[in-house]
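Heads up: the structure comes next, in structure tokens.
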Amino acid sequence: MEFIIKSKALYTTWVFYKPQRLLFDAGEGVSSELGNKIYGIEKIILTHSHVDHIAGLWGIINTRNNAMGSRNKKLEIYYPKGSTNIIEYLEFIKKMNKGLRYRLETHELNLTDTINLDNKRFLKPFKTRHTPGEVSFGYQILEKRKRLKSMYRDYPQDVIKDLIVNQKKDILEEYVANILTITGDALPIPPEFAKNCETLIHECTFFEESDRKIRNHTSLPELKKLVKATFPKRLIVYHVSSRYNRQINKVKNELRLEFPDIDIEIVHPEKVTKI
Ligand SMILES: [Zn+2]
Ligand SMILES: [Zn+2]
């Protein structure tokens, strides 16, 4: 299992990414759903300050201090610079939870910042368009990798092996692979941030364009256009409005038919989804 996700537009959204021990957003109910797994969170990465994405912070911080588990482990929280509501909320939580047994670090993020996750992977924010006057970021997890330089890619295996073993030539080049792109609440993100990524987690609040009154969330036709332009290996659709509860399977099947080469999941608004 890589992901545990709960996402119901307007109510709550959080995404636990186990391989890197990250929690993207912290909507209401996150600590009661994750239970003891909250001790597995090393970093909380917030996309923006709307209450359905941050309300569960207090619960996590408080429960981690009191429940049974490794109470001394440090917890880091990152948020977009200029998120006034998050800053004030964190100040309030710190005031209410004096004497924490663990170190709680809060960091504001600039678009030029990167966070190292291990010696290969790092996290990078990018700007998204959501609500005017509200700073909002999406995030990429990127990984430094090595591959054969293009001129060697057609060489027979044994020749390549010989070149590597005997280090006759510098035949490898470094490149950066996009492991995960997650949007938070947003209009379709610029394709460059999801191009050929392994997993794209994109919001799609509205299946029907006509249901959207203000243009600050993605609609299904817009998402399909983006998928055609980026072609991720896997697409996880989240932040769906609960008005579509009965259409989840139908839309999932439609998407799978339209994009047979992409692994597609839709996070049901009423369920905790494990992927
Ligand atoms: Zn939201
Ligand atoms: Zn929002």
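The values are calculated or read from the model by the stated rules, or taken from the named source; none is laboratory data. Here the structure is a predicted model, which is why all the values come from computation and not from measurement. Every residue, glycine among them, receives a Cβ derived from its backbone with ideal geometry; neighbour counts consider all protein chains shown. With ligands, DNA and RNA removed, areas are computed over all heavy atoms of the protein, side chains included. Shrake-Rupley method; radii C 1.70, N 1.55, O 1.52, S 1.80 Å.
Sort segment 5-58 into rounded, prolate or oblate with this rule: let a ≥ b ≥ c be the square roots of the eigenvalues of the Cα gyration tensor; rounded if a/c is under 1.5, and if a/c is not under 1.5, prolate when a/b is larger than b/c, oblate otherwise. Could the numbers behind the result be given before it?
Values: a/c = 1.80, a/b = 1.46, b/c = 1.24.
Prolate, because a/c is 1.5 or more and a/b exceeds b/c.
State the percentage of accessible surface on the chain attributable to carbon and sulfur atoms; use a 1.4 Å probe and exclude ligands, DNA and RNA. Can you show the working numbers first?
Working: 6710 of 13760 Å².
Using a 1.4 Å probe with all protein chains present, the chain comes out at 49 percent carbon and sulfur.
Just to be sure I understand the model, the point goes 7 Å from the Cα along the line to the Cβ. What's the resulting Arg234 to Asn65 distance in nm?
Once both label points are built, they end up 3.6 nm from each other.
Could you tell me the center-to-center distance, by alpha carbons, between segment 23-40 and segment 213-230 in angstrom?
About 28 Å separates the Cα centre of segment 23-40 from the one of segment 213-230.
Taking θ as phi - 60°, what are the ³J(HN,Hα) couplings along segment 134-139 by the Karplus curve (6.51, -1.76, 1.60), each to the nearest whole Hz, with x for Gly and Pro?
Values per residue, Gly and Pro as x: 10, 5, 9, 10, x, 9 Hz.
Which shape class, rounded, prolate or oblate, goes with the chain when its Cα gyration tensor gives a ≥ b ≥ c as root eigenvalues, a/c under 1.5 marks rounded, and past that a/b bigger than b/c marks prolate?
Values: a/c = 1.94, a/b = 1.26, b/c = 1.54.
The shape class here is oblate.
Give, rounded to the nearest 20 debye, the magnitude of the charge dipole that segment 3-274 has about its Cα centre when Lys and Arg contribute +1 at Cβ and Asp and Glu contribute -1 at Cβ.
Details: 46 positive and 34 negative charges, 129 e Å.
I would put it at about 620 debye.
How much length is gained on full extension from Glu134 to Tyr102, taking 0.36 nm per residue of separation minus their Cα-Cα distance?
Values: separation 32, 0.36 × 32 = 11.52 nm, distance 3.08 nm.
The Glu134-Tyr102 span can extend by a further 8.4 nm.
Simple spin-label model, 7 Å along Cα-to-Cβ: Asn216 to Arg243 in nm?
Label-label distance for Asn216 and Arg243, simple model: 1.6 nm.
How much net charge surrounds Leu226 when only other residues with a Cβ under 14 Å from its Cβ are counted (Lys, Arg +1; Asp, Glu -1)?
Details: positive: Arg129, Lys195, Lys224, Lys225, Lys228; negative: Glu192, Glu203, Glu222, Glu258.
Net of charged neighbours comes to +1.
How much accessible area per residue does the chain have, counting only protein heavy atoms and a probe of 1.4 Å, in square angstrom? Intermediate values should be presented prior to the final figure.
Numbers: 13760 Å² over 275 residues.
Ligands and nucleic acids excluded, the figure is 50 Å² per residue.
What percent do you get for the relative contact order of segment 76-197 when only Cα pairs under 8 Å and 6+ apart count? Let's see the in-between values first.
Details: 163 pairs, mean separation 27.3, N = 122.
Relative contact order for segment 76-197 comes out at 22 percent.
How much net charge surrounds Leu257 when only the other residues with a Cβ under 13 Å from the Cβ of Leu257 are counted, with Lys and Arg +1 and Asp and Glu -1?
Details: positive: Lys224, Lys250, Lys252, Arg256; negative: Glu254, Glu258, Asp261.
Taking every Cβ under 13 Å from that of Leu257, the sum is +1.
Taking amide hydrogens as modeled 1.01 Å from N in the peptide plane, which residues meet the under 5 Å criterion relative to Thr47, leaving out close sequence neighbours?
Amide H neighbours of Thr47, under 5 Å, 5+ apart: Asp25.
What value, in deg cm²/dmol to 500, does the helix sum -39500 (n - 2.57) over DSSP H runs of n ≥ 4 give at 222 nm once divided by the residues of the chain? Display every interim value, and only then the final one.
On the way: 7 runs with 64 residues, N = 275.
Calculated from helices alone, the mean residue ellipticity at 222 nm is -6500 deg cm²/dmol.
Take the alpha carbon gyration tensor of segment 1-138, find the square roots of its eigenvalues, order them as a ≥ b ≥ c, and report rounded if a/c is under 1.5; if not, report prolate when a/b exceeds b/c, else oblate. Working shown, then result.
Numbers: a/c = 1.35, a/b = 1.23, b/c = 1.10.
Rounded shape, in that the Cα axes give a/c under 1.5.
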